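Every number in this text was worked out from the coordinates using simple rules, so none of it is lab data. Please read these numbers as outputs of a predicted model, since none were measured by experiment. All Cβ positions, glycine included, derive from the backbone under ideal geometry; neighbour counts span all protein chains shown.
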Amino acid sequence: MTDAPVRVLIADDDALVRGGIRFVLSMVEGIDVAWEAGDGAEAVEKALEHRPDVVLMDVQMPGTDGLTALIRLRESWPEAVVIILTTFGESDYVTRALAGGAAGFLLKDAAAEDLARAVRAAANGDAFLSPAVTRQLLDGLNAPTPAASPRASTQASPAPGIELPEFAEKGLRELSAREREVLVLVAQGLSNAAISTQLWISEATVKTHVSRVLTKLGCENRVQAALIAHRLGVVRN
């Protein structure tokens, strides 16, 4: 473990937004906004040069947008941890960023405590979805399809914009009872520490279970696993 602060890069074309986020995070012990970028290209350049612990990336920026920057960054640096900053109603951007490997999603007008929680969660290998973003995604996942039949309604099928990994359903059947418990709690938004407390197991054991769940479901991160859990009916809304 280390006491070093979480080093953050903020990428947003609006200087006032960057300043606001910087101000909020400057009040949080253990988080250091070390770099800023005004567009996606600059964000990728600075992230590759400085290797921040977390990148807060706006979606809509002139020139290189946030989604393009996310893909380019993770192609060059697969370990990059990127939280997408979005506005309400941009669920299409969120689903595309999810496919690109984003570690979390946060509304720009999120409360200060949610912003700090998201940064810390991402830095610790967890994921964070703001409640509003989660609701948008789940509404899309649960939207009825026009041609659905009674029999078909019992089977999982991807919602528009959400692609299930090829072996997700098979992987779900292969989860152990404990792994399934962990998946449910991940889908409910619990951190590794909270899962550890609830299941009375060590955080290291939780991380092992989460890693196995991601592998079996064919997911890149916890956000994808959480959405799959909702989509396949493991968690009821």
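Among the GluC sites (Glu not before Pro) within the range 61-113, those in coil by DSSP and having at most 10 neighbouring Cβ atoms inside 10 Å are 79. Summing Cβ point charges (Lys, Arg +1; Asp, Glu -1) relative to the Cα centre of the range 1-100 gives a dipole of roughly 160 debye.
So which lysines pass the test for residue 207, namely a Cα distance under 17 Å, with those fewer than 8 places away in the same chain ruled out? Excluding near neighbours in sequence, the set is 216. Projecting the Cα atoms of 94, 43, 59 onto the charge dipole of the range 22-101, computed from C-beta unit charges around the Cα centre, puts 94 farthest toward the positive end.
Applying 1/(1 + (r/R0)^6) with R0 = 25 Å to the Cβ-Cβ distance of residue 32 and residue 202, what FRET efficiency is obtained, to the nearest 0.05? According to the calculation, E is roughly 0.30.
With R₀ fixed at 30 Å, the C-beta to C-beta distance from residue 50 to residue 109 puts the FRET efficiency at about 0.65.
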